[in-house]
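Engineer: Before anything else, here's the structure in question.
The values are calculated or read from the model by the stated rules, or taken from the named source; none is laboratory data. If you're wondering where the values come from, they're calculated on a predicted model, not measured in any experiment. Here Cβ is always computed from backbone atoms with ideal geometry, including for glycine, and neighbour counts include all displayed protein chains.
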Amino acid sequence: MFVTDTVDTACLVPIGGVVFGILLFFLDVSKPGTPILTGLKKIDWIGGVLIIGSVLMVLLALDFGNVVFPWSSATVICLLVFGVVVLALFVVNEWKFATEPIIPLHIFSNKSSSAAFGVYSCNFYVFIGLAYYLPLYSQSVLGANALDSGIHLLPLIVACSLSAAFAGVFIQKTGKYLRIMYAGQVLNLLGIGLFVYLPFEKNLAKLFVFQILVGLGVGMNIEPPLLAVQAVNAERDTAAVVATMSFVRSIANAISIVVGGVIFQNDMTAANPGLVKELGAHVAQNFNGDQALAKVDVIRILPQEQQLVVRQTFFHSLRAVWIMVSNICYFSLSSIVGTNKMNKVPNFKLRHRAGQQ
């Protein structure tokens with residue numbers, strides 16, 4: 001956030017280059033000695049192309065909907081339809097044809113495994129939804145600069161880190177993970193539900209407490225779902241489970257940002273006629289649809305009366321995002337009911353996780 005306010009972001013490029021060099025020369029990675037051509041032949045290239053194409057089409061459709069094109073437009077409909085069709089082809093390829101599937105479908109065959117995948121994806125959906133849109137809330141509604149908006153996010157990050165560490169220690173000591181998952185989901189739902197009722201007036205105490213509740217809940221559900229999936233699958237599937245979990249997390253992150261953006265932009269578009277009456281068409285166009293995200297700094301140069309109107313509009317549009325995220329929390333809490341009664345991780349799982357750490 002300091003870089004955003006004071007330094008050009010281009011300075012991050014050489015920093016990234018230095019870090020890449022350190023990783024390249026000093027990261028100790030086991031080398032199985034597989035020839036390059038043999039390794040390339042084992043990759044499921046068809047599956048990779050299909051899943052990438054499917055995800056891109058669906059995300060583009062969600063991003064374009066009612067912003068670039070109407071939802072009823074041929075572009076959006078075709079992207080959604082063909083995205084789903086290509087996803088179906090991916091499933092068929094993984095099921096029938098791939099000798100080394102990217103995502104082995106049998107890891108979803110158990111009800112508990114599927115539920116854990118759902119909890120894991122929803123957990124990161126919630127986290128990214130808040131981590132991405134809370135700085136926007138701080139800057140647009142509270143009038144904070146980029147540095148202060150980053151500081152406002154610290155309660156969420158710190159609480160998440162501490163609760164994740166606690167969950168790891170608890171599971172390592174007891175071998176039980178379901179209790180942690182239930183507690184985390186309840187805290188998530190409680191915290192996000194309180195965000196919906198966050199007042200328009202600046203109240204950092206409430207903002208920080210609500211973030212702490214969500215951070216505690218998110219942190220508690222970083223490790224347990226992964227262990228839950230490993231507990232109901234064979235040890236030989238551990239690598240596939242971890243890789244699939246990472247993929248699911250990435251997709252959940254992307255969808256959270258896109259869907260949140262669509263909801264926010266649609267609300268800003270719907271509120272724009274009212275802004276035109278209060279601010280005039282020239283000023284109001286800065287806060288119409290997708291322009292609103294890029295023109296937050298314009299709020300500061302407006303007269304106080306106009307600032308109040310714009311900040312209230314941002315507040316109500318972001319409230320719609322909090323409601324969407326709270327629905328995901330409810331779905332996640334409901335899906336955890338699908339886990340079975342086995343709430344203790346087998347010993348070899350704990351040893352494996354300890355070895356990874």
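Engineer: Scanning the stretch 127-155 for residues that are free of Cβ contacts under 8 Å to residues at least 60 places away in the same chain and of a type in the set (A, V, I, L, M), which turns out farthest from residue 294 (Cα to Cα)?
Structural biologist: Across the stretch 127-155, the extreme among qualifying residues is 154.
Engineer: Related question: Looking at the stretch 11-23, is at least one residue on the phi < 0 side of the Ramachandran plot, modelled with pLDDT under 80, under 25 Å from the mean Cα position of the chain (by Cα) and of a type in the set (A, V, I, L, M)?
Structural biologist: Yes - at least one qualifying residue is present in the stretch 11-23.
Engineer: Run down 126, 76 and say which single residue is in contact with a strand residue (DSSP E or B) (Cβ under 9 Å, 6 or more places away or on another chain) and among the aliphatic types (A, V, I, L, M).
Structural biologist: 76
Engineer: Has the stretch 219-226 got at least one residue that is over 23 Å from residue 164 (Cα atoms) and either among the hydrophobic types (A, V, I, L, M, F, W, C) or loosely packed, with under 15 Cβ neighbours inside 10 Å (or both)?
Structural biologist: Checked the stretch 219-226: no residue is over 23 Å from residue 164 (Cα atoms) and either among the hydrophobic types (A, V, I, L, M, F, W, C) or loosely packed, with under 15 Cβ neighbours inside 10 Å (or both).
Engineer: For a quick check of your reading: which helices (runs of 4 or more DSSP H) sit entirely within the stretch 254-357 and have at least 3 residues that are under 26 Å from residue 190 (Cβ atoms) and at pLDDT below 90?
Structural biologist: Filter on the stretch 254-357 gives 304-335.
Engineer: For the stretch 133-148, state whether one or more residues are farther than 25 Å from residue 315 by Cβ and in a helix (DSSP H, G or I).
Structural biologist: The answer is no; no qualifying residue exists.
Engineer: Scan the stretch 38-57 for residues that are modelled with pLDDT under 90, assigned to a helix (DSSP H, G or I) and touching an Asp or Glu at 6+ places or on another chain (Cβ under 8 Å) and jot them down.
Structural biologist: Listed by number, the list holds a single entry, 42.
Engineer: Run residue 62 past the list (1) at pLDDT 85 or above; (2) not in a helix (DSSP H, G or I) and report the number of the one that doesn't hold.
Structural biologist: Status for residue 62: all satisfied but (2).
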